[in-house]
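Accompanying notes for the structure given below.
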Amino acid sequence: RPTTPAEILGFEPSLERLGDIVIVDEDDPDRAAAIAEAVMASDLPCETVLNRASPIEGELRVRRWNVLAGDGTETVHREYGHEFALDVAEVYFSPRLATERHRVVTQVDASETVVDMFAGVGPYAIPMATRGADVVACDLNETAIEYLRANAERNGVADRVTAIAGDVRRATTEHADTADRLVMNLPHSADEFLDTAVTLAGDDCVIHYYDIQHEDDPFGPGTEAIRAAAGDEYAVDVETEQIVRSYAPHEYNVCLDARLTRR
């Protein structure tokens with residue numbers, strides 16, 4: 001039977017897997033070092049152990065790391081049959097959102113044109129392209145876009161993914177009125193980009209709008225923001241209200257699947 005880190009330590013550590021990297025989140029450096037040693041001594045497949053050294057910071061949503069074991073912060077993560085190369089010190093990626101990404105991806109039809117407004121290394125864009133959609137994928141982080149292009153090649157969908165580095169409000173103007181589906185996974189500030197989303201939307205478009213809200217009204221503010229941005233141009237029908245995960249005490253990360261139909 002494989003030896004686990006818990007058997008070596010005598011307690012169950014909190015670990016997160018990302019490719020061949022194991023991530024811990026420990027304020028005590030001695031405890032973090034002991035966990036890393038146990039991980040490397042166990043039979044857990046792992047090349048590197050990292051400890052979070054900062055919260056997510058800045059426009060590019062990256063964090064600093066302490067390397068406890070192994071070398072480097074680059075890996076290849078596998079999710080629902082796709083492979084994503086990434087450097088966790090240079091790009092944002094959360095393996096905890098795999099189930100939510102799969103929920104959205106399975107809604108996509110082969111005939112669709114999709115715009116992923118904050119695409120990262122492609123965890124939405126590439127599976128959507130695999131389903132046959134044409135995907136425009138934009139991100140402010142140029143390193144993330146470099147990985148996205150490489151990941152599109154890695155997964156055999158480079159011909160269906162247009163990767164754009166830049167601010168989506170200015171970088172995607174030539175794609176106005178084309179989107180059958182929009183992904184807005186920037187939960188702290190997606191509302192600031194809803195005018196751009198409406199500009200990108202075609203006659204019938206589903207928006208996957210991610211938000212962080214208080215448990216008392218997790219969906220109301222997002223719904224009102226979408227309706228305000230749509231104005232008189234579109235009818236808005238919220239098809240799904242999805243709680244993705246608990247974000248903080250009394251706060252949820254949520255997703256609204258909202259259909260915009262041009263009047």
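The values are calculated or read from the model by the stated rules, or taken from the named source; none is laboratory data. Being a predicted model, the structure only gives us computed values, none of them experimental. Heads up, the Cβs are rebuilt from the backbone with ideal geometry, glycines too, and the neighbour counts pull from every protein chain shown. All accessible areas refer to the heavy atoms of the entire protein, side chains included, with ligands and DNA or RNA removed. Shrake-Rupley method; radii C 1.70, N 1.55, O 1.52, S 1.80 Å.
Laid out as a table, the results:
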| read-out | value |
| --- | --- |
| The stretch 174-256: antiparallel DSSP beta bridges as a percent of all, rounded to 5 | 70 |
| Solvent-accessible area per residue for the chain (1.4 angstrom probe, square angstrom) | 47 |
| FRET efficiency, 1/(1 + (r/R0)^6) with R0 30 Å, evaluated for Arg63 and Ala228 via beta carbons | 0.35 |
| Cα long-axis angle, helix 142-154 against the chain (0 to 90 degrees, to the nearest 10) | 90 |
| The stretch 84-195, relative contact order in percent, only Cα pairs under 8 angstrom and at least six apart counted | 28 |
| Farthest toward positive dipole pole in the stretch 13-123 [+1 Lys/Arg, -1 Asp/Glu at C-beta], among Val105, Pro29, Phe118 | Val105 |
| DSSP beta bridges in the chain [antiparallel fraction, %, rounded to 5] | 65 |
| FRET efficiency, 1/(1 + (r/R0)^6) with R0 41 Å, evaluated for Asp204 and Asp27 via beta carbons | 0.25 |
| Spin-label model distance (nm) - Asp159 vs Asp216, 7 Å beyond Cα toward Cβ | 5.5 |
| Size of the stretch 1-110 as Cα extents on the principal axes (Å, biggest first) | 49, 39, 22 |
| Residue-averaged [θ]222 nm for the chain, counting only DSSP H segments that reach four residues, each worth -39500 (n - 2.57) | -7000 deg cm²/dmol |
| Size of electric dipole in the chain: Cβ of Lys, Arg +1 and of Asp, Glu -1, about Cα centre, debye, nearest 20 | 460 |
| Rg ratio (alpha-carbon, reference 2.2 N^0.38 Å) - the stretch 83-160 | 1.00 |
| The chain: Cα Rg divided by the 2.2 N^0.38 Å rule of thumb | 1.07 |
| Projected label distance in nm at Ser111 and Tyr247, using a 7 Å step from Cα toward the beta-carbon | 3.6 |
| Angstrom value of the Kirkwood radius, inverse mean 1/r, which spans all Cα pairs in the stretch 216-263 | 11.5 |
| In the stretch 76-119, the chymotrypsin sites (Phe, Trp or Tyr not before Pro) that fall in loop regions by DSSP, at most 13 other Cβ within 10 Å | Tyr80 |
| Amide H within-cut-off set for Arg181, under 5 Å, with H built and near neighbours excluded | Thr113, Val115, Val206 |
| Rounded percent of accessible protein surface that carbon and sulfur make up, the stretch 222-263, 1.4 Å probe | 44 |
| Rounded to whole Hz, the Karplus (6.51, -1.76, 1.60) HN-Hα couplings of the stretch 32-41, x for glycine and proline | 4, 5, 5, 5, 4, 4, 5, 4, 5, 7 |
| Selected from Ile207, Ala163, Ala229, residue furthest toward positive end of dipole (the chain; charges at beta carbon) | Ala163 |
| Size of electric dipole in the stretch 1-120: Cβ of Lys, Arg +1 and of Asp, Glu -1, about Cα centre, debye, nearest 20 | 220 |
| Extension reserve of the Arg263-Tyr80 stretch, reckoned as 0.36 nm per residue once the Cα distance is removed | 62.1 nm |
| Amide proton proximity set for His77, modelled H, under 5 Å, gap of 5+ | Phe84, Ala85, Leu86 |
| Sequence-separation-based contact order of the chain, relative, with Cα cut under 8 Å and 6+ spacing, percent | 11 |
